[in-house]
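The values are calculated or read from the model by the stated rules, or taken from the named source; none is laboratory data. Note that the coordinates shown come from a computational prediction; the quantities given were computed from them, not determined experimentally. Note that we place each Cβ from the backbone using ideal geometry, even for glycine, and neighbour counts take in every protein chain shown. Ligands, DNA and RNA are excluded from the accessible area calculation, which covers all protein heavy atoms including side chains. Shrake-Rupley method; radii C 1.70, N 1.55, O 1.52, S 1.80 Å.
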Amino acid sequence: KIYNISNPASVTVASTLTMTALGIDAVAPHDPKIMGNLLYVSWFQAGTLIFDITNPAAPVLVGSYDTWPGPVNSGQLDGNWGVYPYLGQDRVLLSDRNTGLYIIDATAVNSQAALYNFKVNPSTIVGGVNSTATAYLVGIAPAGGSVVNLSSNNSLAVVPPTLTIPAGASSAGAT
């Protein structure tokens, strides 16, 4: 949660960041740090996520680096444990409980749209059952939207050729 503390007598929630809204499979966001208008969050199996919080009511995912190579296990806190952005954006330190220390260059993070994740639910279907695909962006879709090309390696699957993420959005779905 991101809180608005401009009035200490009446603190309010400005926004909430969730796994579902971001399209990630990971547990326990951990060790958040703010540097300027950027929020860095260690999110265990999802790695470090970087948000532009210029508008705290509408944070934008602008970067990520995943240090965890294994599967997500909700009972374990594997992966990115800590983040330290205070040496400068060109040398952000990440600590991973399993794979060690990383030094990343985050100078190129921005809100320009790029595909971040793609999920299909359910991922396996039989017969004439529908499945929903959702594409997630780093950044936000520009005017005119962002088009994601879709295809399947199974000739029996009926897949729309494209999925359009509307302007100003960071995700969209198709059946």
*Checking residue 156 against (1) over 24 Å from residue 20 (Cα atoms); (2) open to solvent by 80 Å² or more (accessible area, probe 1.4 Å); (3) modelled with pLDDT of 90 or more, which single condition isn't satisfied?*
(3)
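Condition first: among the β-branched types (Val, Ile, Thr) and within 15 Å of residue 36 (Cβ to Cβ). Now tell me which residues in the stretch 62-88 satisfy that.
Step one: filter the stretch 62-88 for residues among the β-branched types (Val, Ile, Thr), giving 62, 67, 72, 83.
Result: 62, 83.
Yes/no matrix, rows are residues, columns are (1) at pLDDT below 90; (2) closer than 19 Å to residue 45 by Cα; (3) in contact with a helix residue (DSSP H, G or I) (Cβ under 7 Å, 6 or more places away or on another chain):
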position	(1), (2), (3)
69	yes, yes, no
78	yes, yes, no
83	no, yes, no
97	yes, yes, no
144	no, no, no
*asked:* Any residue that is closer than 20 Å to residue 78 by Cβ and surrounded by 14 or more Cβ atoms within 10 Å (Cβ to Cβ) - is there at least one of those in the stretch 49-63?
replied: yes
*State the number of residues belonging to the stretch 17-34 that are more than 18 Å from residue 62 (Cβ to Cβ), open to solvent by 60 Å² or more (accessible area, probe 1.4 Å) and assigned to a loop (DSSP other than H, G, I, E, B).*
1
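Among residues belonging to the stretch 161-175 that are in a loop (DSSP other than H, G, I, E, B) and at pLDDT 90 or above, point out the one that is farthest from residue 51 (Cα to Cα). Full working, then the answer.
First, the residues of the stretch 161-175 that are in a loop (DSSP other than H, G, I, E, B): 161, 166-170, 175.
Now restrict to residues that are at pLDDT 90 or above: 161, 166-170.
Working: 161: 31, 166: 20, 167: 19, 168: 15, 169: 15, 170: 13 Å.
So the residue we want is 161.
Looking at the stretch 58-83 only, could you name the residues that are within 20 Å of residue 110 (Cβ to Cβ) and touching a residue at least 24 places away in the same chain (Cβ under 8 Å)?
Residues of the stretch 58-83 that are within 20 Å of residue 110 (Cβ to Cβ), as a first pass: 58-66, 83.
Within the stretch 58-83, 58, 59, 60, 61, 62, 63, 64, 65, 83 qualify.
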*How many of the residues making up the stretch 159-174 are open to solvent by less than 50 Å² (accessible area, probe 1.4 Å) and closer than 17 Å to residue 125 by Cα?*
2
*Pick from the stretch 86-125, criterion touching a Leu at 6+ places or on another chain (Cβ under 8 Å) and open to solvent by 70 Å² or more (accessible area, probe 1.4 Å), ranking: nearest to residue 144 (Cα to Cα)*: 115
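Quick one: in the stretch 131-150, of everything that is in a strand (DSSP E or B) and over 11 Å from residue 113 (Cβ atoms), which residue is most open to solvent (accessible area, probe 1.4 Å)? Outline the logic, then answer.
To start, the set of residues in the stretch 131-150 that are in a strand (DSSP E or B) comprises 132-138, 140, 146-149.
Subset that is over 11 Å from residue 113 (Cβ atoms): 132-134, 149.
Numbers: 132: 65, 133: 14, 134: 31, 149: 125 Å².
Once the filter is applied, the top-ranked residue is 149.
Do you know which of the residues in the stretch 1-16 that are of a type in the set (S, T, N, Q) and open to solvent by 30 Å² or more (accessible area, probe 1.4 Å) is nearest to residue 95 (Cα to Cα)?
Step one: of the stretch 1-16, the residues of a type in the set (S, T, N, Q) are 4, 6-7, 10, 12, 15-16.
Filter again for open to solvent by 30 Å² or more (accessible area, probe 1.4 Å), leaving 4, 6-7, 10, 12, 16.
Details: 4: 29, 6: 32, 7: 35, 10: 36, 12: 31, 16: 24 Å.
Among those residues, the one meeting the criterion is 16.
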